[in-house]
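The values are calculated or read from the model by the stated rules, or taken from the named source; none is laboratory data. Everything quoted here is computed from the prediction, not taken from an experiment. Positions of Cβ are generated from backbone atoms using ideal geometry, with glycine treated the same way; all protein chains shown enter the neighbour counts. Surface areas here come from the heavy atoms of the whole protein model, side chains and all, with no ligands, DNA or RNA. Shrake-Rupley method; radii C 1.70, N 1.55, O 1.52, S 1.80 Å.
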Amino acid sequence: MKIAFLGPHASFTQLATAQLFPNDELLPQASILDCFNAVENGDVAKAVVPLENSIEGTVSMTLDYLYKTPSIKIEAEAVMPIAHHLMIHPENSIENIERIYSHPQALAQSFHFLDTHYKNIPKQDFSSTAAAAKYVSENKDIKIAAVANQYAANLYGLKIINRNIQDFEQNHTRFIIISKLQNKYENETLQTLGEKSGMLVTLPEDHPGGLHQVLSVFAWRKMNLSKIESRTLKTGLGNYFFFINVEGSWNDILHGNALKELESINADVDFLGNYKEFLLES
Ligand SMILES: O=C(O)C(=O)C[C@]1(C(=O)O)C=C[C@@H](O)C=C1
């Protein structure tokens with residue numbers, strides 16, 4: 001089976017994808033949009049993209065494309081510990097470094113460390129941590145460093161200057177497996193952390209108590225929400241959709257007609273699936 005992931009080789013997303021699909025053909029993509037397009041066009045069966053980080057929060061691009069592509073559903077979530085390291089070309093010295101490159105999520109997760117120790121060195125966004133590491137390995141003359149993982153340092157022959165530079169010890173990223181198949185991904189070799197449902201809810205118009213009505217559907221059924229995120233609809237200031245995770249199995253969700261009640265208050269619901277959450281190794 002072909003599986004797309006946010007590449008290039010040695011990205012954190014690849015480390016997650018390799019654990020989820022050890023026997024499949026993994027195809028690196030240049031962006032989260034390319035991962036969604038590869039699934040939407042049928043070039044691959046599934047893709048793995050980041051959804052949320054425990055320090056930096058939701059990856060908004062992933063939410064936006066889930067909203068824009070209703071045919072794409074979620075098959076599973078996987079949580080992986082994230083350790084960032086600062087690395088340079090082995091022929092360079094950290095004293096000469098003039099710029100630090102990485103994925104914006106990685107720079108944000110290490111912001112205080114970089115601000116404390118490398119305050120005057122400009123930080124620059126790159127498409128992924130691994131692409132930044134690769135760029136450093138190919139450009140020893142332009143005195144740059146990258147924030148990336150150990151695997152990228154090994155693959156691109158870089159020297160690690162500072163280890164574990166993330167601002168909080170507990171740094172985890174949650175990835176999702178997306179597909180059009182609406183399957184539930186199973187893996188008996190990985191630890192299961194729980195089960196949940198995901199949905200995107202849009203209210204017909206902004207009115208007093210609208211979100212309260214949506215939340216009460218779950219509250220009086222004693223269903224626990226594990227995530228709620230509002231995201232702009234891009235139709236004007238103040239217009240949002242909501243990504244909601246409800247803990248529990250599919251039967252719990254159907255129990256008491258929660259989805260029917262949401263429809264009865266004219267909420268538009270794109271049900272993303274009932275799926276498991278797995279724990280990965282770093
Ligand atoms: O740049 C990478 O290596 C990625 O896989 C992307 C990504 C992200 O978008 O959150 C994945 C995990 C880490 O949180 C940092 C970056």
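Just a few scattered comments:
- Inter-centroid distance (Cα atoms) of segment 53-94 relative to segment 122-170, Å: 15 Å
- Comparing 102, 71, 226 in a Gaussian network model of the chain where C-alpha atoms under 10 Å apart are linked, the largest mean-square fluctuation is found at 226.
- Accessible-area composition of the chain, carbon plus sulfur, in percent [1.4 Å probe]: 49 percent
- With contacts taken as Cα pairs under 8 Å and at least 6 residues apart, the chain reaches a relative contact order of 24 percent.
- Links that overshoot a 25 Å alpha carbon limit, given the list 134/276; 46/68; 134/196; 68/260: 134/276; 134/196
- Axis angle, to the nearest 10 degrees, between helix 129-138 and the longest C-alpha principal axis of the chain: 20 degrees.
- Theoretical gain in end-to-end length, residue 281 to residue 119 [0.36 nm per residue, Cα-Cα removed]: 55.1 nm
- Shape descriptor for segment 85-162: Rg over Rh equals 0.91 (Cα atoms; Rh from the Kirkwood inverse mean 1/r).
- Accessible area in square angstrom per residue, segment 188-282, 1.4 angstrom probe: 56 Å²
- Each semi-axis of the equivalent ellipsoid for segment 30-176 is √(5λ) with λ an eigenvalue of the Cα gyration tensor; in descending order they amount to 30, 17, 13 Å.
- Per residue, segment 76-157 exposes an accessible area of 43 Å² to a 1.4 Å probe, with every protein chain left in place.
- Measure of compaction for segment 1-110 (Cα Rg per 2.2 N^0.38 Å): 1.19
- Placing +1 on the Cβ of every Lys and Arg and -1 on the Cβ of every Asp and Glu, with no other charges, gives segment 85-162 a dipole of roughly 60 debye about its Cα centre.
- When peptides 159-166, 203-210 are ranked by their average number of other Cβ atoms within 10 Å per residue, the highest-first order is 159-166, 203-210.
- Leading residue at positive end of dipole, the chain (Cβ point charges), from 150, 202, 13: 150
- Peptides 271-278, 216-223 ranked from most to least packed by the mean count of surrounding Cβ atoms within 10 Å: 271-278, 216-223.
- Kirkwood Rh, Cα atoms: Rg over Rh of segment 124-218: 1.15
- Springs between Cα atoms under 10 Å define the GNM used for the chain, and in it the highest mean-square fluctuation of 212, 172, 112 occurs at 212.
- Reported value for the chain: 143 Å³ per residue, from the convex hull of its C-alpha atoms.
- For the chain, the longest principal axis of the Cα atoms and the long axis of helix 210-219 meet at an angle of about 80 degrees.
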